[in-house]
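Student: This is the structure I have questions about; it appears just below.
The values are calculated or read from the model by the stated rules, or taken from the named source; none is laboratory data. These numbers were taken from a predicted model, which means no experiment stands behind them. Cβ: placed from backbone, ideal geometry, glycine included. Neighbour counts: every protein chain shown. For accessibility, only protein heavy atoms count, side chains too; no ligands or nucleic acids. Shrake-Rupley method; radii C 1.70, N 1.55, O 1.52, S 1.80 Å.
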Amino acid sequence: MIELKGYLIESALRPLFRRFSLFGNHVFFNNKDFPVTAVLEQNFAVIRDEFEKIQPRVKDFAPFQDISPDQTYISNDDKWKMFFLKAGKVRFERNCQEFPKTMRIIDAEKNLVSAYFSVIGPRKMLMPHEGPWCGVLRIHLGIEVPIEGKGCVLVVNQQEYRWEEGKAVVFDDTYEHMAVNMTHKDRVVLFLDYMRPLPWPLNWLNHFVVYMARFIPYFKEPVKRHKEWEKTFYKDAA
């Protein structure tokens, strides 16, 4: 019942949030309206270097369906893995310790409410889906992008974007989208949720809903699962 109410709230607010979005209703947004994208691009080497330190353990990252079993229609194998830093402002402190410089960059922008590394393995397609909350816009920063045949593509509302290393893109993930990696290597992006710029009182409502989401099973269960994974991932650490 709670999840049904959440779905109804999101469905009701989606057209309203899109209509009053301060930078318009777009599929892909102009990076100039989001200064944080320039900060991310300027610090790409710092973020990539921290990721490379933990990259040897990518195979141990949490598979998507283990964290969010209600969404196995998007991916049901081990070729989409994630490494969370924070989700809806809930931090994964042990993971954050591995990325001190990255977290300083993320924490400096109060509108970044979620952050994780998303790894799509070779010859993998994420099925078409829509994001769960219209109150955030999604940012991808390309960390490692195979260029063989330009086979790494993000398609949002039938519009294509090809990731580039060190480049950020802002888009509305509540439009149907899919991701494809048809290369022989992993595709890695830093995946962030940015609070959609809205006028008052919609911005207050948006922040309130994001805060309350932590008490909803749809959100609580994945957070719990990832925290359990986090313990296992570091169990042999000194």
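Student: Using the Kyte-Doolittle scale, find the helices of the chain whose mean hydropathy is at least -0.5 and whose Cα atoms extend 24 Å or more along the helix's long axis, counting only whole DSSP H runs.
Tutor: 2-20
Student: If I take R0 = 25 Å and measure r between the Cβ atoms of Tyr211 and Val155 in this structure, what FRET efficiency does the formula 1/(1 + (r/R0)^6) give, to the nearest 0.05?
Tutor: Calculated value: 0.20.
Student: Just to check, using Stokes-Einstein with a Kirkwood Rh over alpha carbon pairs, what's the diffusion coefficient of segment 133-238 at 25 °C and 0.890 mPa s in µm²/s?
Tutor: D, rounded to a whole number, is 150 µm²/s.
Student: Moving on to the next point. Ordering Trp163, Trp204, Trp133 by accessible area with a probe of 1.4 Å, largest first, what comes out?
Tutor: Trp204, Trp133, Trp163
Student: From the cross-link list Lys101/Lys150; Lys79/Lys220; Lys59/Lys79; Lys32/Lys101; Lys101/Lys224; Lys81/Lys224, which pairs have alpha carbons spaced over 21 Å apart?
Tutor: Table pairs above 21 Å Cα-Cα are Lys101/Lys150; Lys79/Lys220; Lys32/Lys101; Lys101/Lys224.
Student: If ligands, DNA and RNA are left out, what is the accessible area of Tyr194 with a 1.4 Å probe, given in Å² to the nearest 10?
Tutor: Surface open to solvent at Tyr194 totals about 20 Å².
Student: Would you mind giving the average projected area, over all directions, of the Cα convex hull of segment 1-128 in nm² with one decimal?
Tutor: The directionally averaged projection comes out at 9.8 nm².
Student: Next question. If you put +1 on each Lys and Arg Cβ and -1 on each Asp and Glu Cβ, how big is the dipole of the chain around its Cα centre, in Debye rounded to 20?
Tutor: Rounded to the nearest 20 debye, it is 360 debye.
Student: Using just the Cα positions, wrap the chain in a convex hull and report its mean projected area in square nanometres, one decimal place.
Tutor: 12.4 nm²
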